[in-house]
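Participant: Supplied in structure tokens, the structure appears directly below.
We did not get these values from a lab; they are worked out from the coordinates using the rules stated. Source: prediction; values computed, not measured. Every residue, glycine as well, gets a Cβ built from its backbone with ideal geometry; the counts of neighbours run over all protein chains shown.
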Amino acid sequence: KTAGYTNLINHLASKHSGYEDVVRQCMRDKRSVTMDMFVDQDALSTHQWMNLVVNKNFPFTAVDDGVVRSAIKYNSMNSKTLKARMVATMELVEPCLQEEFKGEKFALVFDGVTDGCEHSLAVFVATRKGIRFLTLASFGDEKSMTADEHIRFLDMVLNQYKLEANNLIAIVCDNMETNKAISRRIDSPMIGCAAHRFNLAVKEYVQDHRALIKKVYSLMRKLKSVKRRALLKENGCKLKPVPMHELRWSGLHRIMKRYMQFHPYLHLFDRDREVDRYLPSDASQDDARRFPIVDFLPTPSEHCDIVDLLEDMNILEFSTRRLQEADLTLVTVRDIFDEVAVEFPELEGRLKMDAQIVESCDFEAGIVKIMKGQEHSLTSREKKSVSRPLCPPLESEADECPARHITSEANSEPRPKRRRTTQEFQNAVTGRSVA
């Protein structure tokens, strides 16, 4: 009896740290101590390593690295063991997800991800219970990433999680032609990514200012030299030039904003006529490195244009951030787009409800009206489009997925004289959402 008690105490101390606090709390609450109140230390360490690898994008080699191990308080574990336990965890979680999805209407959310020249597809499923991440997998043949290949992959995901294809409400993805082809072939409405659509619209808008943007971008490149950065530091400027993101327009906003921060110090380069001495042989004739920095200092007139452009960009940047928030709905998207169209009439053609880029405009318009409580104003085409989410879900008693898979055969108005401030624009969007 003594040995058994000692072994029990030693086990609790080594495997369940903090057990004394749990026991004391149970005694105060006058309830029994049960095993589900304790977490096995080995299981906890496995979860902690999995959390680190998945959420912080750590390579598996880091798990075996001695420096990483010494810096982390988790119990040591090699990468082979961690991989095996991650696979085992997936096998345990998968049936739970299948049960959660049973008899539920759902939307498939997917997007392509390219990392290190390898293209993968991330797939999520959204139900009334929330959003679940299903898979992130690369294509076996990256030379053939057609709509049919995507459909076959999505079909495999549906089968794996026993999702009823008849309960598919819509697909949510970016506005690429491949995704539109998927929507048409599986006969499912498509909700295009609002942030992607807005990004394309704004990139088209800033094309009218590309000469000014190019000049500021070239100035940023010239300010990256070691000597010029040292001169800025000597005069109290600790800022660094920012690069331009090739895919997102918001990189232009960062560059213009940084230019305004650099502006009080640009007089330091009024007589800087130095050009780069060493240029690659393939450098173009208009390469910024062939010219002195004074050629890229904006004139007073250009500076005023930059100030005006930045004020516009502040409004557009607020809209971009709002479109990327987790609580975004189609109603909020519509409110933001309507307010932007008022402020920037030249963008209305891209942002209106039935814009050419929208694949399922009747479906989106119908969902917005339903969310606003305006079902009485639905047109006949909109009623037909939103019939799927309104009808009850289908339940299958079969162990396997059903045989039916998803596979199947502007006029511009004059610009207002005074642009609203960013705060006024935010208040207008917020007011729409509250209403």
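Participant: Extent of segment 1-95 along each principal axis, from alpha carbon coordinates, in Å, largest to smallest?
Facilitator: Taking max minus min along each principal axis of the Cα atoms, segment 1-95 gives 45, 34, 24 Å.
Participant: Fully extended, how many nm does the chain gain between Leu92 and Leu212 (0.36 nm per residue separation, minus their Cα-Cα distance)?
Facilitator: On the way: separation 120, 0.36 × 120 = 43.20 nm, distance 5.69 nm.
Contour length minus Cα-Cα distance gives 37.5 nm.
Participant: Add +1 for every Lys or Arg and -1 for every Asp or Glu among the other residues with Cβ under 15 Å from the Cβ of Lys383, and state the total. Each step should come with its number before you reach the end.
Facilitator: Numbers: positive: Lys369, Arg381, Lys384, Arg388; negative: Asp362, Glu364, Glu375, Glu382.
Here the count lands on 0.
Participant: Give the residue from Val53, Leu200, Val22 lying farthest towards the positive end of the charge dipole for the chain; charges sit on Cβ (+1 for Lys and Arg, -1 for Asp and Glu) and the dipole is referred to the Cα centre.
Facilitator: Val22
Participant: Just the number: Rg to Rh for the chain, Cα atoms, Kirkwood Rh, two decimals.
Facilitator: Values: Rg = 28.7 Å, Rh = 27.1 Å.
Ratio of gyration radius to Kirkwood radius: 1.06.
Participant: Turning to a different aspect of this structure: Nearest-5 percent of antiparallel DSSP beta bridges in segment 102-192? Before the final figure, lay out the partial values.
Facilitator: On the way: 17 of 24 bridges.
Looking only at bridges with both residues in segment 102-192, the antiparallel portion is about 70 percent.
Participant: Given His245, Met260, Gln324, which one lies farthest toward the positive end of the charge dipole of the chain, if we put +1 on the Cβ of every Lys and Arg and -1 on the Cβ of every Asp and Glu?
Facilitator: Towards the positive end, the residue furthest out is Met260.
Participant: Still on this model: What is the distance in Å between the Cα centroid of segment 24-97 and that of segment 198-221?
Facilitator: 47 Å
Participant: Which whole number of Å³ per residue matches the convex hull of the alpha-carbon atoms in segment 102-192? Spell out each step's value before the answer.
Facilitator: Working: hull volume 8.5 nm³, N = 91.
Value for segment 102-192: 93 Å³ per residue.
Participant: Write out the chymotrypsin sites (Phe, Trp or Tyr not before Pro) in segment 268-368 meeting two conditions: DSSP loop, and at most 15 other Cβ atoms within 10 Å of their Cβ. Working shown, then result.
Facilitator: Values: sites: Phe269, Tyr278, Phe296, Phe318, Phe337, Phe363; in loops: Tyr278.
Here the chymotrypsin sites (Phe, Trp or Tyr not before Pro) that fit, given the DSSP loop and packing criteria, are Tyr278.
Participant: Count the net charge of all other residues whose Cβ sits under 12 Å from the Cβ of Ala107, scoring Lys and Arg as +1 and Asp and Glu as -1. Before the final figure, lay out each step's value.
Facilitator: Numbers: positive: Lys105, Arg128, Arg132, Arg388; negative: Glu104.
Within the 12 Å Cβ shell, the charges total +3.
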